[in-house]
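Q: Just dropping this structure here.
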Amino acid sequence: MKTIAELGDLRGKRVLVRSDLNVPLDGDTITDDGRIRASVPTIEALSEAGARVIVCAHLGRPKGTPEARYSLAPVARRLGELLGREVRFAEDTVGESARAAVEAAGDGDVVLLENLRFNAGETSKDESERGAFADQLASLADVFVSDGFGVVHRKQASVYDVAKRLPHAVGGLVENEVGVLRRLTEDPERPYAVVLGGAKVSDKLGVIDNLLRTADRLLIGGGMVFTFLKAQGYEVGTSLLEADQVETVKGYLDQAHERGVEIVLPVDIVVGSEFSVDSDPQVVPAGLIPADRMGLDIGPESGFLFAQKLKHCKTVFWNGPMGAFEMEPYAAGTEAVAEALVELTEKGALTVVGGGDSAAAVRQLGFSDDQFGHISTGGGASLEYLEGKELPGLTVLDEA
Ligand code: ADP
Ligand code: MG
């Protein structure tokens with residue numbers, strides 16, 4: 001995998017950069033510009049090297065045709081503010097407007113192409129359709145830089161196929177993300193604990209399977225914990241439960257036992273009458289969830305227990321909130337884990353937060369990014385990496 005520095009002199013070269021600029025929007029107001037900020041250093045470095053920088057990205061899930069509400073125009077404006085220089089916005093991805101903008105770009109200029117997913121070829125499962133779109137993208141540039149970590153697990157035209165068509169390099173953001181993931185997988189400093197939460201256990205089965213081989217300790221919270229409690233024979237009321245995964249989870253509990261991996265489950269749960277702020281929160285023992293109530297957070301005893309279990313760890317990976325943190329009465333469990341990670345970071349442990357909602361949770365709770373070792377920009381990609389899966393957008397960069 002080449003780095004940008006290994007591409008040689010870029011002055012006057014047209015460099016196509018795949019970034020992850022998929023930010024949340026309210027109308028055309030960006031409500032969290034974290035991904036744009038994270039993308040700036042690579043774009044800036046290329047611009048300073050005198051390249052003609054052509055940035056491409058997707059926003060939301062348009063179905064292969066233009067839709068105004070998914071336009072990257074607001075992102076172009078914000079990117080320009082953060083770079084402190086004009087960003088020319090092309091109103092299409094590979095059409096007239098894109099060609100004209102690239103044509104007009106001078107050394108150091110930055111162009112942003114319109115949403116990649118306005119083109120059916122971008123995400124097509126059909127190799128030739130994807131290839132045809134990648135040909136058009138590639139024809140705009142001399143070199144390709146892959147810097148969208150949030151999409152490197154996708155076999156998509158702007159991630160995978162275009163790298164087959166142009167000399168390519170990995171951008172600094174992806175390089176950094178992969179460096180951190182290596183530290184989690186190749187000989188992590190022990191004890192190594194993983195905290196898993198979030199909504200569904202079925203999203204995370206693959207990663208649990210693989211972590212049972214590498215982690216020393218697995219702490220489970222969030223909506224997925226109820227499938228674990230059920231597997232232990234407890235009733236879980238109206239909590240999120242994936243009944244079809246109970247047997248799989250029983251298998252994991254057995255495997256963990258055989259391998260000497262400690263599984264830590266909550267001892268108390270905050271239950272509510274329904275999934276809403278106004279739902280009469282109460283703390284109950286994990287084994288005594290009333291039939292008509294749902295678990296929406298781990299309880300205070302569990303927060304304390306989890307903090308204790310993390311205390312002497314040298315490496316921690318955390319994915320998934322411990323509760324429905326978006327609602328204030330159910331945010332304390334997530335806050336307790338975040339606190340514990342902050343303390344560990346201060347003591348020199350490697351702490352990694354992965355997952356879009358997990359990152360949003362720590363920010364919403366008032367923590368700053370630099371209180372953690374690393375906050376990943378790609379939840380799905382980091383989980384697939386930890387699962388031991390091949391990430392097409394990375395392996396393609398290893399090819400000449
Ligand atoms: P991430 O994006 O960090 O990978 P997920 O998408 O897996 O996390 O899960 C985040 C969601 O899980 C949050 O919206 C949160 O409200 C929800 N959640 C957490 N705990 C519960 C629970 N006990 N019941 C229902 N939903 C929950
Ligand atoms: Mg999520």
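Q: Quickly work out the residue 244-to-residue 399 label distance, labels modelled 7 Å from Cα along the C-beta direction, and quote it in nm with one decimal.
A: 3.5
Q: Next question, about the same structure. DSSP loop trypsin sites (Lys or Arg not before Pro) in segment 323-400 with at most 15 other Cβ atoms within 10 Å of their Cβ, which ones?
A: Here the trypsin sites (Lys or Arg not before Pro) that fit, given the DSSP loop and packing criteria, are 347, 389.
Q: Right, next: Along segment 216-231, what does the Karplus equation 6.51 cos²θ - 1.76 cosθ + 1.60 (θ = phi - 60°) give for ³J(HN,Hα), rounded to whole Hz, x for Gly and Pro?
A: 8, 8, 10, 9, 10, x, x, x, 6, 5, 6, 5, 5, 4, 4, 4
Q: Which value, in debye to the nearest 20, gives the size of the charge dipole of the chain about its Cα centre, when Lys and Arg are +1 and Asp and Glu are -1 at the Cβ?
A: 700
Q: How about segment 46-101: which GluC sites (Glu not before Pro) there lie in a loop by DSSP and see at most 15 other Cβ atoms within 10 Å?
A: Passing both the DSSP loop test and the Cβ count: 67, 86.
Q: So what J values fall out for segment 85-99 if you push phi through Karplus, 6.51 cos²θ - 1.76 cosθ + 1.60 with θ = phi - 60°, rounded to Hz, Gly and Pro as x?
A: Calculated HN-Hα couplings, in order: 8, 5, 10, 6, 9, 8, 7, 9, 9, 9, x, 3, 5, 4, 4 Hz.
Q: For a quick check: with amide H placed at 1.01 Å from N, whose amide H comes under 5 Å from residue 269's, ignoring anything fewer than 5 positions away on the same chain?
A: 284, 286, 299
Q: May I pose another question? Between segment 313-334 and segment 161-212, how many Å separate their Cα centres?
A: After rounding, the separation between the Cα centres reads 19 Å.
Q: So which residue, out of 71, 158, 276, gets the largest mean-square fluctuation from a GNM of the chain using Cα contacts under 10 Å as springs?
A: It is 276.
Q: Go ahead and set up a Gaussian network model of the chain, Cα springs under 10 Å, then flag whichever of 279, 19, 124 fluctuates most.
A: 279
Q: 222 nm [θ] for the chain, helices only, -39500 (n - 2.57) per DSSP H run of 4+, per residue, to 500?
A: -10500 deg cm²/dmol
Q: Tell me which trypsin sites (Lys or Arg not before Pro) from segment 1-75 have a DSSP coil assignment and no more than 12 other beta carbons within 10 Å of their own.
A: Sites meeting the loop and neighbour criteria: 11, 63.
Q: Under a 5 Å amide H to amide H cut-off, with H placed in plane at 1.01 Å, what residues pair with residue 89 once short-range neighbours are removed?
A: 112
Q: Provide the per-residue ³J(HN,Hα) series for segment 362-377, in order, calculated from phi with Karplus coefficients 6.51, -1.76, 1.60 and θ = phi - 60°, each as a whole number of Hz, with x at glycine and proline positions.
A: Residue by residue, segment 362-377 yields 5, 6, 4, 7, x, 7, 9, 4, 7, 7, 10, x, 7, 10, 6, 8 Hz.
Q: Quick one: which residues, 5 or more positions from residue 217 or on another chain, have an amide H under 5 Å from its amide H? H modelled 1.01 Å from N in the peptide plane, none for Pro or chain starts.
A: Sorted by chain and number, the residues that satisfy this are 192, 194, 262.
Q: If you count, for each residue, the other Cβ atoms within 10 Å and average over each peptide, how do 207-214, 285-292 line up from highest to lowest?
A: 207-214, 285-292
Q: May I pose another question? Mind checking which of 343, 274, 186 has the largest fluctuation in a GNM of the chain, springs on alpha carbons under 10 Å?
A: So, out of 343, 274, 186, the one fluctuating most is 186.
Q: Which of rounded, prolate or oblate describes segment 153-245 when judged by the alpha-carbon gyration tensor and an a/c cut-off of 1.5?
A: Cα axes put segment 153-245 in the oblate bin.
Taken together, the values in this text are just the output of simple stated rules run on the coordinates, not laboratory data. Here the structure is a predicted model, which means the values were calculated and not measured. Every residue, glycine among them, receives a Cβ derived from its backbone with ideal geometry; neighbour counts consider all protein chains shown.
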